[in-house]
Amino acid sequence: MTQATGSPSPRGAAVGRGIGIGLMYGLWKPRVLGAWRVPASGPVILAVNHSHNIDGPMLMGTAPRPVHFLIKKEAFVGPLDPFLRGIGQLKVDRTTADRTAITHALGVLEKGGALGIFPEGTRGEGDFASLRAGLAYFAVRSGAPIVPVAVLGSTERRGRLISALPPLRSRVDVVFGDAFEAQEGARSSDKGGGGRRVGGSGRRTRKALDEATVRIQARLTAHLDEARRFTGR
């Protein structure tokens, strides 16, 4: 598993996925829709709406692949610090350009892993209304496709035993959308007709990242609206 100062461990993330499966399916009743849309291999970014603290663990336990999440440094306190590092999660300082977190996140993608991001930056309404540029940067820099994920039902009701959590054994929907590229024209076709990703070759100017952020927000919002209609939530 990951060392305290090392890069995130794929083996650690796999252990974290196992823990997530046990906890999420043991405490609640996740309904997972569209998991087949997550590429089976290769780099991918899972962009998740964020309205409750269980949204990250819920995705870790329901995604078809181990996920390395960018998590605010405030969560890495006490025994949670070595635990979160050990299961391959990434500590990020949201108040600055955290170069260590950026390097480790890009490293996950370079090694063909799955990176989990809350593109809103912090817990809120979970509606993708305010996106930070970090998601666009990672997608454009790495060339990895983005899969939108809607976690629905985590804030509908409060539990009787622990009011900060959804009621035990209640249903939480996790809806995966179609993968897409951050920049238009990011895929090109070779003579054989197959598509290939232009990994890391996209424009990274401020204007290009702003345009990519607008495109990403539109796709994420559309997925969330569709997921709500489909699930009735």
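The values are calculated or read from the model by the stated rules, or taken from the named source; none is laboratory data. Note that the coordinates shown come from a computational prediction; the quantities given were computed from them, not determined experimentally. All Cβ positions, even for glycine, are placed from backbone atoms using ideal geometry, and neighbour counts span all protein chains on display.
Would you say G86 is farther than 19 Å from V147 by Cβ, without any contact (Cβ under 8 Å) to a residue 12 or more places away in the chain and not polar (S, T, N, Q)?
For G86, the condition - farther than 19 Å from V147 by Cβ, without any contact (Cβ under 8 Å) to a residue 12 or more places away in the chain and not polar (S, T, N, Q) - is not met.
State which residue is nearest to the chain's Cα centre (by Cα) when the search covers only region 67-84 and only residues that are within 24 Å of R141 (Cα to Cα) and surrounded by fewer than 23 Cβ atoms within 10 Å (Cβ to Cβ). Explain how you work it out, then say what you get.
In the first step, residues of region 67-84 are kept if they are within 24 Å of R141 (Cα to Cα); the result is 67-73.
Checking which are surrounded by fewer than 23 Cβ atoms within 10 Å (Cβ to Cβ) leaves us with 71-73.
Values: I71: 10, K72: 13, K73: 16 Å.
Selected residue: I71.
With (1) modelled with pLDDT of 85 or more; (2) touching a Lys or Arg at 6+ places or on another chain (Cβ under 7 Å) as the list, and G200 as the residue in question, which single condition is left unmet?
In the conditions (1) modelled with pLDDT of 85 or more; (2) touching a Lys or Arg at 6+ places or on another chain (Cβ under 7 Å), G200 misses (1) alone.
Is there a residue being under 22 Å from A133 (Cβ atoms) and out of contact with any strand residue (DSSP E or B) (no Cβ under 7 Å at 6 or more places or on another chain) anywhere in region 110-119?
yes
Quick one: T2 ticks every box in (1) surrounded by 20 or more Cβ atoms within 10 Å (Cβ to Cβ); (2) modelled with pLDDT of 95 or more except a single one, so which number is it?
Against the list (1) surrounded by 20 or more Cβ atoms within 10 Å (Cβ to Cβ); (2) modelled with pLDDT of 95 or more, T2 comes up short only on (2).
Is it true that some residue in region 89-99 is under 19 Å from A144 (Cα atoms) and crowded, with 16+ Cβ neighbours inside 10 Å?
So in region 89-99, the residues under 19 Å from A144 (Cα atoms) come out as 89-90.
Pick out the ones that are also crowded, with 16+ Cβ neighbours inside 10 Å and you get 89-90.
Checked region 89-99: at least one residue is under 19 Å from A144 (Cα atoms) and crowded, with 16+ Cβ neighbours inside 10 Å.
Filter region 76-95 down to the residues that are in a loop (DSSP other than H, G, I, E, B) and on the phi < 0 side of the Ramachandran plot and list them by number.
Listed by number, the residues that qualify are F76, V77, P79, I87, Q89, D93, R94, T95.
Determine which single condition V48 fails, assuming it passes every other condition in (1) surrounded by 24 or more Cβ atoms within 10 Å (Cβ to Cβ); (2) within 15 Å of V108 (Cβ to Cβ); (3) aliphatic (A, V, I, L, M).
Tallying (1) surrounded by 24 or more Cβ atoms within 10 Å (Cβ to Cβ); (2) within 15 Å of V108 (Cβ to Cβ); (3) aliphatic (A, V, I, L, M), V48 fails exactly one: (2).
If you go through region 20-59, how many residues are more than 15 Å from S154 (Cα to Cα), under 17 Å from the mean Cα position of the chain (by Cα) and assigned to a helix (DSSP H, G or I)?
Residues meeting the conditions: 5.
Rundown of residues vs (1) at pLDDT 95 or above; (2) touching a Gly at 6+ places or on another chain (Cβ under 8 Å), yes/no style:
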{"site": "W28", "(1), (2)": "yes, no"}
{"site": "L46", "(1), (2)": "yes, yes"}
{"site": "E74", "(1), (2)": "no, no"}
{"site": "F83", "(1), (2)": "yes, no"}
{"site": "G86", "(1), (2)": "yes, yes"}
{"site": "R94", "(1), (2)": "no, yes"}
{"site": "I102", "(1), (2)": "no, no"}
{"site": "G112", "(1), (2)": "yes, yes"}
{"site": "F118", "(1), (2)": "no, yes"}
